[in-house]
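Okay, so here's the structure we're looking at.
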């Protein structure tokens with residue numbers, strides 16, 4: 001199965017979450033179209049369809065983002081490009097922290113992920129996962145990527161104030177939005193086997 005992404009972090013994370021499912025990276029020659037969908041599902045399907053068309057193999061793609069309650073759900077589907085076309089993980093996170101602080105005291109956030117599958121027969125399915133948490137004021141931790149250094153998940157318990165970037169890979173994979181969507185995908189694939 002092809003993962004319609006060149007993001008090494010996502011490939012590693014999904015391989016850890018989906019043992020027994022062989023995931024190959026997107027071939028260098030394959031160009032993905034712009035992610036111009038209005039929803040996570042639309043963007044994930046855009047990528048999965050393109051990878052399937054180019055390789056004739058089953059393809060999966062994800063689209064994910066962080067939604068801040070204080071910002072009416074922003075950045076949402078624009079999370080990867082929140083700070084503009086040349087955005088980095090660090091600049092996106094800095095912008096989110098600044099805007100949430102300016103908006104008041106509400107620091108509630110949700111990570112959301114949709115994984116799209118386009119199988120060898122072109123059947124399309126999507127699988128969603130989410131994770132609720134709190135955005136801290138100063139990033140902490142070396143693990144994870146994106147907004148992980150400022151996201152404290154609820155699921156680790158009220159006394160645990162570690163960010164996603166401070167969790168072990170196994171802990172993150174037990175609680176993350178991507179892991180939940182990937183487990184739904186794995187359940188679907190097992191049901192067809």
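Only residues that are closer than 22 Å to residue 184 by Cα and out of contact with any strand residue (DSSP E or B) (no Cβ under 9 Å at 6 or more places or on another chain): list them for region 22-35, please. Across region 22-35, the qualifying residue is only 22. Those strands (runs of 3 or more DSSP E) of region 47-147 in which 1 or more residues are more than 16 Å from the chain's Cα centre (by Cα) and more than 22 Å from residue 24 (Cα to Cα) occupy 108-118, 124-135. Please specify each residue of region 31-46 satisfying the condition of being surrounded by 17 or more Cβ atoms within 10 Å (Cβ to Cβ) and either assigned to a loop (DSSP other than H, G, I, E, B) or under 13 Å from the mean Cα position of the chain (by Cα) (or both). 32, 35, 40, 41, 43, 44, listed by residue number.
One residue stands out in region 1-24 among those that are touching a helix residue (DSSP H, G or I) at 6+ places or on another chain (Cβ under 7 Å) and more than 23 Å from residue 170 (Cβ to Cβ): the one that is surrounded by the most Cβ atoms within 10 Å (Cβ to Cβ), namely 4. Checking the conditions here, which among 68, 61 is touching a residue at least 24 places away in the same chain (Cβ under 8 Å), buried (at least 17 other Cβ atoms within 10 Å of the Cβ), touching a helix residue (DSSP H, G or I) at 6+ places or on another chain (Cβ under 8 Å) and over 27 Å from residue 2 (Cα atoms)? On inspection, the qualifying residue turns out to be 68.
Every read-out reported here was derived from the displayed coordinates using simple, explicitly stated rules and does not represent laboratory data. Owing to the predicted nature of the structure, the values given are computational and were not obtained by experimental measurement. Methodologically, a virtual Cβ is constructed for each residue, glycine included, from the backbone with ideal geometry; neighbour enumeration extends over all protein chains shown.
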